[in-house]
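Inspection log for the structure reproduced underneath, given as structure tokens.
The values are calculated or read from the model by the stated rules, or taken from the named source; none is laboratory data. Since the structure is predicted, the reported quantities are computational estimates derived from the model, not experimental observations. Cβ placement follows ideal geometry from the backbone for every residue including glycine, while neighbour counts extend to all protein chains displayed.
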Amino acid sequence: MRILFLVHIESGLSHLFPPGYADRVVEQAMEYDRVIALSSGFEREPFVWQLDGVVDTTWEWCWGYHPDGFSETELAWLIPSRGHEWTWVPPELRCPPWWIRYAEVTIGGGCDGSCLADFRAVLEHVGIKYTEDRSLIY
């Protein structure tokens, strides 16, 4: 199984995309068995319209996490990161299902030095191997 994680390919961030980026993402996403999009949850319609019908599942996952905003239980899932100071392991990855653990995982999206760096930290924390498709990163 091939899974593509797309981090924050959202309308509100589209001004950061290089020319033709959204169309390239859609074209390449069609090569995957599952496309999982991570949404910041800040917008009513978070993804660029080109992703309609391409994304199989959406998980809410953001940035700006800090220990002060978490309960004792959730603090266990707050981890240091290289993008922002802290990041949070979403519930869907705390005990990754077999179809993620044994899949060929690719990541794309952005922003490369912040949110995408946080998502790399999450995957590494839970032991999921991944590759990056540089053409899908902004």
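Test LEU93 against the criterion of being surrounded by 12 or more Cβ atoms within 10 Å (Cβ to Cβ), modelled with pLDDT of 95 or more and assigned to a helix (DSSP H, G or I), and give yes or no. Walk me through how you get there before you give the answer.
Numbers: surrounded by 12 or more Cβ atoms within 10 Å (Cβ to Cβ): yes; modelled with pLDDT of 95 or more: yes; assigned to a helix (DSSP H, G or I): yes.
Answer is yes for this residue.
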Problem - Inter-residue pairs, beta-carbon under 9 Å, first in contact (Cβ under 8 Å) with a residue 60 or more places away in the chain and in segment 79-102, second part of a helix (DSSP H, G or I), 6+ apart - result: ILE100/GLU92; ILE100/LEU93
Exercise for the section: Being surrounded by 15 or more Cβ atoms within 10 Å (Cβ to Cβ) and touching a Lys or Arg at 6+ places or on another chain (Cβ under 6 Å) narrows it down to one of ALA117, ALA103, so name that one. Expected result: ALA117
Handout entry: Number of the condition not met by ASP56 [criteria: (1) more than 19 Å from SER114 (Cβ to Cβ); (2) among the charged types (D, E, K, R); (3) touching a helix residue (DSSP H, G or I) at 6+ places or on another chain (Cβ under 6 Å)]
Key = (3)
Handout entry: Selection within segment 33-47 - surrounded by fewer than 20 Cβ atoms within 10 Å (Cβ to Cβ), touching a residue at least 12 places away in the same chain (Cβ under 8 Å) and part of a loop (DSSP other than H, G, I, E, B)
Key = ASP33, SER40, GLY41, PHE42, GLU43, GLU45
Fill in the blank from the handout: Just one listed residue, out of GLY53, GLY109, GLY127, is in contact (Cβ under 8 Å) with a residue 60 or more places away in the chain and on the phi > 0 side of the Ramachandran plot, and it is GLY109
